[in-house]
Amino acid sequence: MKVKVTVVTVVYGTRWPLLKQVADACLSDSQVETFIIVDNGCHDAIAMDEYAKNHGGRVVVLRQEKNIGYSGAISQGLDFARNTDCDFVFVLDDDSIPEEGAINHFLTNLQFFNDKKVILVGNRVDVPGNKDIFTTRPLQDNSPHGTLFEVFSWRKFVNVCKLVLGIQPNVNNPFIPIVPTEAFVTGGTFLPIDVVRSVDVPDASMFIYGEDLDYAWRIRKLGYQSYACARPIIHDIDMTFPNYGDHIFGLFNP
């Protein structure tokens, strides 16, 4: 089934060479009708404009007068996407390159849900810990019901010791191609256009970080569930947080 897809991205500083690789990958798919770039103060504006000109209207550049933060920029992009002729909006970071056939992978996954209200997110395999969610692990046991035996079980004590000692969990467990999530990180998200048009865009006042979780929970209020998918694979070619735990535990005191 061929659909129409709008891609939304944000770029700033010297990152145009990275985003160009993302754009090349997306525009090679004829199902991508529009590629939106929110220019948040990119130093290569001339090269970007020339690139847009060479793609005959498929590339739209929304230029900001100053860096309004990722939250403000992605909200501008999604707001513009509302009025494009598309079935889905694919949100990508400026360094996240989707594999060939990424959209078809999303469409194949959607067939498993029989028109249920779902949001799918691609597999950003380079993000530390991301691959682990597709296999069952010891710490993913069912929550205890409250008995002393369950709360203070030997197995849970061993798991805590493994965490403290940095021992990696056993990953020789069943592979799960699609797993439910409580929320989603914006980059790599495949959103039905009805969602983009129905839910207020991400909160620009957050500037950076957190706006995606807030957006995800507002979408959940409409009855949507979100799922992480083993395919499509999305490669992050310039990792901001290269080590496990950098993103959350590096920002907040435990």
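Looking across Asp44, Asp24, one residue alone is touching a helix residue (DSSP H, G or I) at 6+ places or on another chain (Cβ under 7 Å) and among the acidic types (Asp, Glu). It is Asp44. If I ask for residues that are on the phi > 0 side of the Ramachandran plot and either among the aromatic types (Phe, Trp, Tyr) or over 21 Å from the mean Cα position of the chain (by Cα) (or both), which ones from the stretch 56-73 would you list? Gly56, Gly57, listed by residue number.
Listed here are the residues, each with its yes/no results for (1) in a strand (DSSP E or B); (2) within 19 Å of Val185 (Cα to Cα).
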residue	(1), (2)
Thr9	yes, yes
Asp24	no, no
Phe35	yes, no
Thr108	no, no
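The residues in the stretch 201-254 that are assigned to a helix (DSSP H, G or I), at pLDDT 85 or above and not aliphatic (A, V, I, L, M) can be counted, and the count is 8.
All told, Ile68 meets the bar of being open to solvent by 30 Å² or more (accessible area, probe 1.4 Å), modelled with pLDDT under 95 and more than 21 Å from His235 (Cβ to Cβ).
The values are calculated or read from the model by the stated rules, or taken from the named source; none is laboratory data. For clarity, every value in this text was computed on a predicted model and none was experimentally measured. Cβ coordinates were reconstructed from backbone atoms using ideal geometry, including for glycine residues, and neighbour counts include every protein chain displayed. Each accessible area value is taken on the protein alone, full model and side chains, heavy atoms only, with ligands, DNA and RNA left out. Shrake-Rupley method; radii C 1.70, N 1.55, O 1.52, S 1.80 Å.
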